[in-house]
Amino acid sequence: MEIVILDSTERIASAAADAVEQVLRTHETPVLGLATGSSPLPVYREIVRRHTEDGLSLAHARAFLLDEYVGLPHGHPESYREVIRRELTGLVDIPAASVQGPDGGADDVAAAGRRYDEAIHAAGGVDLQLLGIGSDGHIAFNEPGSSLASRTRLKTLTEQTRQDNARFFDHVDDVPYHVLTQGLGTIMEARHLVLVATGEGKAEAVAAMVEGPVSQVCPASVTQMHPHVSVLLDEAAASRLR
Ligand code: F6R
């Protein structure tokens with residue numbers, strides 16, 4: 001696990017965008033794994049800038065979202081499908097048909113989860129997976145207690161995650177209770193994990209992920225078992241590391 005502590009969000013965004021750019025430039029059909037939430041937004045802004053100003057192309061890429069809320073109507077502005085379109089994929093040249101997310105609106109969510117894992121597999125797997133981390137140590141929406149071998153499936157958000165995500169909605173009561181999320185086993189199959197965390201609020205989760213035991217108590221700790229992980233932190237997020 002490579003830990004990189006940088007002194008600004010811009011530098012973190014630039015380092016993550018460098019990793020994405022390298023995959024885009026060296027793979028014939030690059031497959032990106034995209035996270036939502038606040039942490040990757042500066043990375044997406046930097047990728048959009050490189051596309052607009054430097055001609056970086058995503059036309060040949062495919063992308064898979066990490067997770068999706070269950071219960072939001074199709075096209076809801078806070079559905080992760082919409083968020084990623086607004087923040088990244090709608091601003092670059094990746095074809096809309098090349099971007100997939102878990103189908104949180106499916107009648108049979110369990111089957112939709114299985115289909116999603118199959119689609120990732122059929123695309124050849126994810127070359128680079130961007131990740132954030134929740135203040136309770138979740139990655140994607142694998143909340144504490146998640147099986148370390150889990151596949152894409154329905155999960156219930158913890159109260160803490162619903163409170164953390166309330167800022168995207170008018171009221172905490174509007175935050176869905178359920179999500180369809182890639183499992184930890186699914187995420188671990190990506191060839192390179194790039195996790196971005198900033199701010200004091202992430203410091204405890206980051207320390208548990210990097211230095212704690214590999215345990216369902218901190219789902220992100222499973223990444224200690226992955227052969228290629230880059231953790232990009234600011235000083236506040238790194239402040240509890242020994
Ligand atoms: C969202 C996701 C979540 C977030 C995490 C951190 O697709 O997978 O694991 O990365 O909740 O969210 P922020 O970055 O908003 O603090």
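Each value in this text was obtained by applying a stated rule to the coordinates, not by laboratory testing. What you see is a predicted model, and the numbers here were worked out from it, not measured in a lab. Cβ: placed from backbone, ideal geometry, glycine included. Neighbour counts: every protein chain shown.
Some points to look at:
- Using the rule -39500 (n - 2.57) for each DSSP H run of four or more residues, divided by the residues of the chain, the 222 nm mean residue ellipticity is -9500 deg cm²/dmol.
- Estimated translational diffusion coefficient (Stokes-Einstein, Kirkwood radius over Cα pairs, 25 °C, 0.890 mPa s) of the chain: 138 µm² per second.
- Cα-projected label distance for R114 with T29, points at 7 Å along beta-carbon direction, nm: 2.4
- Expressed to the nearest 5 percent, the antiparallel share of DSSP beta bridges inside the chain is 30 percent.
- Among L195, L65, L91, the largest mean-square fluctuation in a Gaussian network model of the chain (Cα springs under 10 Å) belongs to L91.
- The dipole here belongs to the chain: it is taken about the Cα centre, uses +1 on the Cβ of Lys and Arg and -1 on the Cβ of Asp and Glu, and is about 380 debye.
- Relative contact order, whole percent, for the chain stands at 25, derived from Cα pairs under 8 Å and 6 or more residues apart.
- For the range 55-182, with +1 on Lys and Arg beta carbons and -1 on Asp and Glu, the positive-most of N142, T181, L58 along the dipole: L58
- Distant-in-sequence amide H partners of V70 (H built 1.01 Å from N, under 5 Å): H178, V179, L180
- Karplus (6.51, -1.76, 1.60) ³J(HN,Hα), θ = phi - 60°, over the range 25-37, in Hz, Gly and Pro reported as x: 7, 10, 10, 5, 10, x, 10, 9, x, 10, 9, 10, x
- Ascending count of other beta-carbon atoms within 10 Å, so fewest first, for Y177, Y80: Y177, Y80
- Residue order, fewest to most surrounding Cβ atoms within 10 angstrom, among D93, D7, D67: D7, D93, D67
- Integer Hz, Karplus 6.51/-1.76/1.60 couplings in order for the range 225-236, x for Gly and Pro: 8, 8, x, 9, 10, 10, 10, 9, 10, 8, 5, 5
- Within a Gaussian network of the chain (alpha carbon springs, distance under 10 Å), most fluctuating of M188, M209, M225: M225
- Computed over the range 1-76, the ratio Rg/Rh where both radii use C-alpha atoms and Rh is Kirkwood: 1.01
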